[in-house]
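Reading through the structure tokens given below for one structure.
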Amino acid sequence: MSAAKFDVLTIGNAIVDVIAKVEDAFVQQEQLVKGSMNLIDEERAEHLYAVMGPAIEISGGSAGNTAAGVASFGGRAAYFGKVRADQLGEIYRHDMRAQGVAFDTPAATNGPATARSFILVTPDGERTMNTYLGACVNLNVADVDKAVVEASQVTYMEGYLWDKPEAKEAFRLAAKIAKAAGRLTSITLSDSFCVERHRDSFLDLIKGSIDIVFANESEIKSLYKTQNFDGAVQAVAQDCPMAVLTRSEKGSLIVRGAERIDVKAHPVRQVVDVTGAGDLYAAGFLFGHTRGLPLATCASLGSAAAAEIISHTGARPEINLGQHAKALGLI
């Protein structure tokens, strides 16, 4: 196997986050399920933008956030995602590259606009996402650069991609290339509602093509249709070589065969916005894992990154995560 050019390649929906702080009453008024991710059309997007009040725009998308996090740790990150050749698309590409991420997926020259997600943050820091997918769903097999996949230690894929057939095929192709090259594959389940939509095909993919699955407690229980976390842990241990399960303030659990590694959550002075917590946890974990660090250290790196991201608005780091990890004695 040749030396890896990249530590982590992430593949996902390239989305600009439009973030606004709202009261719980607003979420109820708009008939939304608090804490969920809702797919919306352009008309609904225009309505929410008109009524949501002051907002900030930040490049986001789950896998994009993870790539940015890996780069902030000092890792070598690459990203596949589709934007339109429009103003938001150029902003997104600039942001990724400025953060040190290799992002060369060609922009679409026609079709829907660059995607955006309207993220409503309530006073408890919980976020309710309303996503207009736009151009990002047009990611397809032509956007999978075989050389980049083969040159990446880990290919990490976002479960949200499973919503569109073309993106799903790109996802499968990348996994096949990675496995053939002797590289690792990984998936984040993204959202319990996403799991509900694609449970059977997720399970097939995990059993046949995935080395590391990332999920939070509700997602892993949804995958195995159980309210018993321990039961879900036992099930995933049979289906995947490694599972990385986050549990908010309870910390995280690494499952590898019969091995169980419990790691405490990193302390947070104030929870401002939980957007991107799982994305940045994955960034820290994968950064450590690609350097051969002990799994407990990898989990601690993930927890530290998640704690940083939820202490402010937005899903991209506001500090250098590599320096932060050194100050904590983790690397």
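Miscellaneous remarks
- Meets criteria (basic (Lys, Arg) and touching a residue at least 60 places away in the same chain (Cβ under 8 Å)) for Arg183: yes
- The stretch 120-145 - residue that is of a type in the set (Asp, Glu) and part of a loop (DSSP other than H, G, I, E, B) and, of those, nearest to Gly276 (Cα to Cα): Glu126
- Residues of the stretch 146-189 that are within 16 Å of Ala14 (Cα to Cα) and part of a helix (DSSP H, G or I): Gly159, Tyr160, Leu161, Trp162, Asp163, Glu166, Ala167, Lys168, Ala170, Phe171.
- Qualifying residue in the stretch 259-275 (condition: part of a helix (DSSP H, G or I), small (Gly, Ala, Ser) and free of Cβ contacts under 8 Å to residues at least 60 places away in the same chain): no
- Residues in the stretch 211-225 that are surrounded by fewer than 23 Cβ atoms within 10 Å (Cβ to Cβ) and farther than 16 Å from Ser252 by Cα: Asp211, Ser222, Tyr224, Lys225.
- Screening Ala283 against (1) of a type in the set (A, V, I, L, M); (2) surrounded by fewer than 23 Cβ atoms within 10 Å (Cβ to Cβ); (3) not in a loop (DSSP other than H, G, I, E, B) leaves a single unmet condition, (2).
- Of the candidates Leu328, Leu293, Leu253, the single residue that is crowded, with 18+ Cβ neighbours inside 10 Å and either at negative phi or not hydroxyl-bearing (Ser, Thr, Tyr) (or both) is Leu253.
- Hey, Ala315 within 16 Å of Leu245 (Cα to Cα) and among the aliphatic types (A, V, I, L, M) or not: no
- Within the stretch 94-104, not a single residue is assigned to a strand (DSSP E or B), surrounded by 18 or more Cβ atoms within 10 Å (Cβ to Cβ) and either hydroxyl-bearing (Ser, Thr, Tyr) or on the phi > 0 side of the Ramachandran plot (or both).
- Note on the stretch 289-307: residues that are out of contact with any Pro (no Cβ under 8 Å at 6 or more places or on another chain) and either among the charged types (D, E, K, R) or in a helix (DSSP H, G or I) (or both) amount to 13.
- Among (1) without any contact (Cβ under 8 Å) to a residue 40 or more places away in the chain; (2) in contact with a Pro (Cβ under 8 Å, 6 or more places away or on another chain), the one test that Ser72 misses: (1)
- Subset of the stretch 256-268 that is within 19 Å of Gly231 (Cα to Cα) and among the small types (Gly, Ala, Ser) - its residue that is surrounded by the most Cβ atoms within 10 Å (Cβ to Cβ): Gly257
- Counting only strands (runs of 3 or more DSSP E) that fall entirely inside the stretch 18-88 and contain at least 3 residues that are more than 21 Å from Leu321 (Cβ to Cβ), the qualifying elements are 37-39.
- Here Ala174 fits the description: over 16 Å from the mean Cα position of the chain (by Cα), surrounded by 22 or more Cβ atoms within 10 Å (Cβ to Cβ) and under 22 Å from Ala4 (Cα atoms).
- Pairs are defined by a Cβ separation below 8 Å, a sequence spacing of at least 6 or placement on different chains, a first member in the stretch 308-320 that is of a type in the set (Asp, Glu), and a second member that is assigned to a loop (DSSP other than H, G, I, E, B); the pairs so defined are Glu308/Pro317; Glu308/Glu318; Glu308/Ile319; Glu318/His312.
- Look at the stretch 77-93: where a residue is farther than 24 Å from Val8 by Cβ and of a type in the set (A, V, I, L, M, F, W, C) and a partner is modelled with pLDDT of 95 or more and surrounded by fewer than 17 Cβ atoms within 10 Å (Cβ to Cβ), sitting 6+ places away or on another chain with Cβ atoms under 6 Å, you get Ala85/Ala107; Ala85/Thr109.
- Tally, over the stretch 144-167, of residues that are without any contact (Cβ under 8 Å) to a residue 24 or more places away in the chain and in contact with a helix residue (DSSP H, G or I) (Cβ under 7 Å, 6 or more places away or on another chain): 0
The values are calculated or read from the model by the stated rules, or taken from the named source; none is laboratory data. Bear in mind that the values here come from a model prediction, so they are computed numbers and not experimental data. Positions of Cβ are backbone-derived with ideal geometry, glycine not excepted, and every protein chain shown enters the neighbour counts.
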